[in-house]
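The values are calculated or read from the model by the stated rules, or taken from the named source; none is laboratory data. Note that the coordinates shown come from a computational prediction; the quantities given were computed from them, not determined experimentally. Don't worry about glycine lacking a Cβ; one is built from the backbone with ideal geometry, like all the others, and counts go over all protein chains shown. The accessibility values were calculated without ligands, DNA or RNA, using every heavy atom of the protein model including side chains. Shrake-Rupley method; radii C 1.70, N 1.55, O 1.52, S 1.80 Å.
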Amino acid sequence: MKPKTIITISFFLFSSKIFAQFQPIYYADYSYADRHLLRGGLEFMLTNNTKNHNKLFLGTGYGMVNYNGKIHGIPDLHLSYNVETLLFAKLGSSNYHANSLIGISVFNTVDLGIGYSFPYKNSSVKIQGFTIGATIRFNKKDDVYGKLKIGF
């Protein structure tokens, strides 16, 4: 195994043990920044402000990207701040690039956003440019998702 793969797997397992007291949220993520990226993994809700429904999610996972006709594995680490179940801001990184997204969140279930990706200086896979992305969260806990309020 390559050292990057071993480090990524170790980080994934280590982060799962640290946040064992938190119930994991499964996520699937698709983004396009000059090429298609498909990722999935676990998110952990770090803060849960029940008064105004702001939430902070830390996500770690793994995905794949096609570059020059080859499929490359891409680790994912991101921080997503969801405001009032309507807006979100997300910062993410992998061993190839860093990215940021802002957009709308539909009850913290689906995030749809736009942003920009920056490749790292010596990365072998260049992921750069304007980015569109969608994230879907799966969990049984009710406090992860926003509530629909009708009326006063």
*Does His78 satisfy the criteria of being under 16 Å from Leu37 (Cβ atoms) and open to solvent by less than 10 Å² (accessible area, probe 1.4 Å)?*
yes
*Any chance region 108-124 includes a residue that's open to solvent by 70 Å² or more (accessible area, probe 1.4 Å), under 19 Å from Gly63 (Cα atoms) and at pLDDT below 90?*
yes
*asked:* Given the criteria of a type outside the set (Val, Ile, Thr), open to solvent by 30 Å² or more (accessible area, probe 1.4 Å) and free of Cβ contacts under 8 Å to residues at least 12 places away in the same chain, does Asn95 qualify?
replied: no
*Here are some conditions: (1) of a type outside the set (Phe, Trp, Tyr); (2) at pLDDT below 95; (3) in contact with a Ser or Thr (Cβ under 7 Å, 6 or more places away or on another chain); (4) open to solvent by 20 Å² or more (accessible area, probe 1.4 Å). Leu37 meets all but one. Which one does it not meet?*
(4)
*Would you check if Gly92 is within 15 Å of the chain's Cα centre (by Cα) and either closer than 14 Å to Leu37 by Cα or among the aliphatic types (A, V, I, L, M) (or both)?*
yes
*asked:* Just to be sure I understand the filter: pairs with C-beta atoms under 9 Å, separated by 6 or more residues or on different chains, first member in region 56-71 and in contact (Cβ under 8 Å) with a residue 60 or more places away in the chain, second member loosely packed, with under 13 Cβ neighbours inside 10 Å and of a type in the set (A, V, I, L, M). Which pairs pass?
replied: Val65/Ile71
*asked:* Regarding region 64-71, can at least one residue be identified that is touching a Gly at 6+ places or on another chain (Cβ under 7 Å), open to solvent by less than 40 Å² (accessible area, probe 1.4 Å) and modelled with pLDDT of 90 or more?
replied: no
*Considering each of Ile136, Ile104 in turn, give the residue that is in contact (Cβ under 8 Å) with a residue 60 or more places away in the chain and open to solvent by 50 Å² or more (accessible area, probe 1.4 Å).*
Ile136
